[in-house]
1. Measuring from a point 7 Å past the Cα of H283 along Cα-to-C-beta, which residues in segment 242-257 have an amide N at less than 11 Å?
2. Return a whole-number percent for the relative contact order of segment 270-341, with Cα pairs under 8 Å and 6 or more residues apart as the contact set.
3. Rounded to the nearest 0.05, what FRET efficiency is calculated for K349 and S78 with R0 set to 45 Å and r the Cβ-Cβ distance?
4. Which values of log₁₀ I(q)/I(0), to two decimal places, follow from the Debye formula for segment 291-343 at q = 0.15 Å⁻¹ with a uniform point scatterer at every Cα?
5. If ligands, DNA and RNA are left out, what is the accessible area of E221 with a 1.4 Å probe, given in Å² to the nearest 10?
6. Kirkwood hydrodynamic radius for segment 207-337: how many Å is it when counted over pairs of different Cα atoms?
7. Considering only protein heavy atoms, what per residue accessible area in square angstrom results for segment 240-376 with a 1.4 angstrom probe?
8. For a 20 Å ceiling on Cα separation, which of these pairs sit above it: K180/K234; K63/K149; K7/K88; K341/K393?
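The values are calculated or read from the model by the stated rules, or taken from the named source; none is laboratory data. In this text the structure is predicted, and so the values were computed from the model without any measurement. Please note: Cβ atoms are built from the backbone with ideal geometry, for glycine as well, and neighbour counts cover all protein chains shown. Accessible surface areas use protein heavy atoms only, side chains included; no ligands, DNA or RNA. Shrake-Rupley method; radii C 1.70, N 1.55, O 1.52, S 1.80 Å.
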Amino acid sequence: MGNTAAKTGKMAHEIFVILDANKSGTLDMQEILYLSEHTGLDDDLSDLVKASKEKEICLDVFKDHFVHRVHEKKINISALRSAAFQLKNHKSLLRSDVMYSRHNRAGYGDHQMGGEGMVSPRGVVELNEHKFSNTLHGKVMKETNGFHKAWQDRTLFLEGGCLRYYKVGTVRPTGEIPLKYVSDVKKDGFRFKVTTGNRKFDFKCFSEKDCDDWVNNISAELKTVRIETPPRGKFWKLEIKDARLNDLRTITYKEVLRNVTTGDILLFQTKGIGPSIIRRATHSPYDHVGLFVRKRGLLGVLESLGEPGVLVSRFRAFLEQNWLHQYTHLVVRKLKPKLTKSALIELAKFCKGVEGKKYSLTPAKLLRRESTMAFDDKDRTYFCSELVAKALKHLELLREDCPSTEYVPGSFGESHRVTLMNGYSYGPEMRIIFPSRERSKTH
């Protein structure tokens, strides 16, 4: 056992160091929960927490626990190695100055759009409220398919011809089941089973009525889908495959000024080594994000910069002040359908409440499981993707069971499949084509 124990202890020590961001020498329950949510060690960590009599777990206890688990063959070293790899990818910059470097832009002060008055592209708010499509989401339990069967809490979405399920507190879906591969859905009391080829997905609801809702809605959607044979392999497992930004569909600067509206997303790929490290760590081509808003007919971007913090920048300034040269690419995703009149009013309130808030990104924020502050609290701070996520939550378009601090800029890219609620969705990525500076002076 000696050699195996030494390797296990070394791997457990590596995981411990990654999690112990503040170098306290112990892991609290939030850090253990973070490990559970971002790796496949749920059962092992549950046993660790139950066995520990303290609220915080020291390194020796942490190491001994996994050494014994490996010795008892309840887990293997490869699982720990995989967990360490996942944590490094997600938190490799947790203690790095690069992660906390602030996205800045020269000359922002003369190009802010303060005040109220949010409107649609042509200055007219649609009077008819949007009729939401038939989507469904809620808390369920899902049975694991491994050697040790267990029920785990999940958030389930029926939207866009897919069933997507999420670990509570995580941004990306754990799995995505296209309905075109579903051959059958059956109810049994509080439980229902979704069949795709030889694979069955078992879900359990908290009431029989909830179970009826899921089965009825899925069955109704299946009547509109042409059923296909599912591909081989774990087709429900998601892989991040970002498109080459140069290959994206394009949209001109003038088209953006004319057609982009409040709620659309602006994604940034910034020049420089620091931003490139952030992109690698977050598995995304983007390192900054903002939310388009229209105020008094002018197009602006709600964003959080290092200085002055949260503001609404004039979009025209990207061309007029040459801000665009700070970026390799700027990419738009349009919100479908457009926001309703009541939603525009709510977003105007949100902008007024957050403008001037300071920028902040700290390890404590990244480990936070829920927000305890109002969006406009005097002590509230925001980093860029946290701000966008909070704005969408304020409009009830994003899940509440996932902290705003869990979102990174790439979360709003197309490949990360962010799921909006109430019938809303983001369209494909479109790369902005700006006119040359010399040509723009003549217009």
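1. Hits in segment 242-257 for H283 at 11 Å: 242.
2. Working: 63 pairs, mean separation 15.7, N = 72.
Dividing the mean separation by the residue count of segment 270-341 yields 22 percent.
3. Values: r = 51 Å, r/R0 = 1.12.
In this case the efficiency is close to 0.35.
4. Log10 of I(q)/I(0), two decimals: -0.52.
5. Accessible surface of E221 is approximately 50 Å².
6. One decimal place: 18.3 Å for the Kirkwood radius.
7. Values: 5650 Å² over 137 residues.
With all protein chains present, segment 240-376 gives 41 Å² per residue.
8. On the way: K180/K234 15 Å; K63/K149 26 Å; K7/K88 18 Å; K341/K393 17 Å.
Among K180/K234; K63/K149; K7/K88; K341/K393, the Cα-Cα distance tops 20 Å for K63/K149.
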